[in-house]
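Chemist: Please see the structure below; I have some questions.
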Amino acid sequence: MAEVQQKEAGGKKKGAQKKMTIRVDFTPMVDMNMLLITFFMLCTTMIKSQTLNIALPSNEKVQNEENMSQASADDAITIIIDAKRKPGSFIPDTVNGRVVNEIYYYDGKPCNGEAVPTAENNNLKKADFVGSKDESKDIRRIIQDRNKDVWKKIELLKKDFRDGKITQEQFDVKAKEVRKDETLKKPVIIIKSTPEASYGALVEMLDEMQINSVSKYQIDNMSRMDSTMLIEFQNRNR
Amino acid sequence: MGRVKIAKKSTFIDMTAMSDVTVLLLTFFMLTSTFLAKEPTQVITPASVSEEKVQETNYVQILVSPDAKRDAQGRVTEGKVWLTMNNDTSNKWSNEKMKMALLDKVAEIYNESHKNKLSFTPQQKMAFSKLGSFGVPLAQMGEFLNLASEPEGTSKMDKWLQGQDTDPNHVTGIPVEWNQDDTRPDEFQMWMKAMRQTDNENLAGAIKDGTGVALKADQNTAFDIVHMVMDNLQTIKMNKFTLLTSLKAGGE
């Protein structure tokens, strides 16, 4: 292909030029192209970032409805994310430059409605991030357990979808119906985070809400009660 | 000395086909590629299973710096962010025009509450409209934009934005403070208000329904820094927004 053969016109004559082959070596061209391809491959972003939608209440609302979360706290689960650190220190422990986070949670009202946390009434419990050896402490299992009515139905729908019984659109519609179904028992999950905990842990918790099909959840600020409970719990379990 | 003669064979391999293939591949990559945007700080976003993709147009990205000033008690007092704006160029608003309108608007908001009035020359506005990520305190904006007309100005601007400038007076990042007073916005809130108040309805609409504002922060950034930015947005009633995440490997 890269050769051009010159043919003589007419028969052989004396003094006619010899048959010549011109070859073009394409190897450097290929080398250069490969380099360019490598450059473009390394510089492109093929995967676009994902986004997680959140809606927070406006600050005015927060001040007006301060008692709202307290009133509906009976069926609420409060998850508190904290960074692991030494007593009295603000500096979180790190492993390979990453902050070590911890999860705590309590059901219903803090300290069963009492004002001062003590060893008896403190209902804070410690949980583990996903992938824990102790299954009963795995935060995904805990959330799933509270939301099992909805979660089981959604799992059935997912199975139907995987078996090809329903289409993606049908799945979306039905899943939405299940999430809005008022007859099912649904928890309200309140996610709180101490200032030292890392942002990644918060996103991980928000992600768990998606995975476990939790429809009611909110991000809230730590109250004074939450902090004292956390300190009491940490002092007791040191 | 009878030796067996081995016929000389040419080792020439025809590379034409190979070359054809590589050129095709090259064309594909050139056409599909969008270059990694240069950002003032490198962050690794946390992973999530969310499958919603980020908007390509009509959105503002808020890049949160992992560093912040803290007081003696360890409380965050001042953080900084950089903004990137991507405009829907299909309508009458080009990216350049939009950026110029934005700069005018933010100067207007700034001048309401400051004695040192800001005004920008057409050259400075032009320089602003060419920027990708931006974020310097408004008081230094004029000086920053003047760099564009100097030789090697763009690399100087990049250095300034990345905080590697040799001049200690040059500050990078839009300052964010704890502020719950809507009537006295800090600089970050001024910028976000200006984004909403330009006459571009598409961007304003996207900001309102929450798809137009994307928060990008490193997974190791302390929560209170991100919280301060979120709180700032809540104060100016931009309480719907999205968090940028990367795809979690393995999914569920």
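The values are calculated or read from the model by the stated rules, or taken from the named source; none is laboratory data. Predicted model only: the values in this text are computed from it and were never measured. When we count neighbours, we look across all protein chains shown, and the Cβ atoms used for this are built from the backbone with ideal geometry, even at glycine. What goes into the accessible areas is simple: the full protein's heavy atoms, side chains included, and nothing from ligands, DNA or RNA. Shrake-Rupley method; radii C 1.70, N 1.55, O 1.52, S 1.80 Å.
Chemist: Of the residues A:Ala115, A:Ala71, A:Ala119, only one is in contact with a Lys or Arg (Cβ under 7 Å, 6 or more places away or on another chain), farther than 19 Å from A:Ala197 by Cβ and modelled with pLDDT under 80; which?
Modeler: Exactly one of A:Ala115, A:Ala71, A:Ala119 is in contact with a Lys or Arg (Cβ under 7 Å, 6 or more places away or on another chain), farther than 19 Å from A:Ala197 by Cβ and modelled with pLDDT under 80, namely A:Ala119.
Residues checked against (1) within 14 Å of chain B (Cβ to nearest Cβ); (2) open to solvent by 70 Å² or more (accessible area, probe 1.4 Å):
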site	(1), (2)
A:Ser136	no, yes
A:Ile139	no, no
A:Leu156	no, yes
A:Ile166	no, no
A:Ile191	yes, no
A:Tyr199	yes, no
A:Met205	yes, no
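Chemist: Also, I was wondering about something else. Check region B:177-200 and report whether any residue there is facing another protein chain (nearest Cβ under 7 Å) and open to solvent by 10 Å² or more (accessible area, probe 1.4 Å).
Modeler: yes
Chemist: Consider B:Thr211 carefully, then state whether it is among the β-branched types (Val, Ile, Thr) and closer than 21 Å to A:Pro57 by Cβ.
Modeler: So B:Thr211 passes the test.
Chemist: Please go through (1) in contact with a strand residue (DSSP E or B) (Cβ under 8 Å, 6 or more places away or on another chain); (2) at the interface with chain A (Cβ under 7 Å from one of its Cβ atoms) for B:Leu26 and return the number of the only condition it doesn't satisfy.
Modeler: (1)
Chemist: Considering (1) open to solvent by less than 60 Å² (accessible area, probe 1.4 Å); (2) away from chain B (no Cβ under 14 Å); (3) closer than 20 Å to A:Ile77 by Cα, say which one A:Glu182 fails and leave the rest.
Modeler: Condition not satisfied by A:Glu182: (1).
Here is a yes/no grid of residues against (1) farther than 23 Å from B:Leu215 by Cα; (2) without any contact (Cβ under 8 Å) to a residue 60 or more places away in the chain; (3) under 19 Å from the mean Cα position of the chain (by Cα):
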| position | (1), (2), (3) |
| --- | --- |
| B:Ser33 | yes, yes, yes |
| B:Thr45 | no, no, yes |
| B:Ile62 | no, no, yes |
| B:Val76 | no, no, no |
| B:Ser94 | yes, yes, yes |
| B:Ser119 | yes, yes, no |
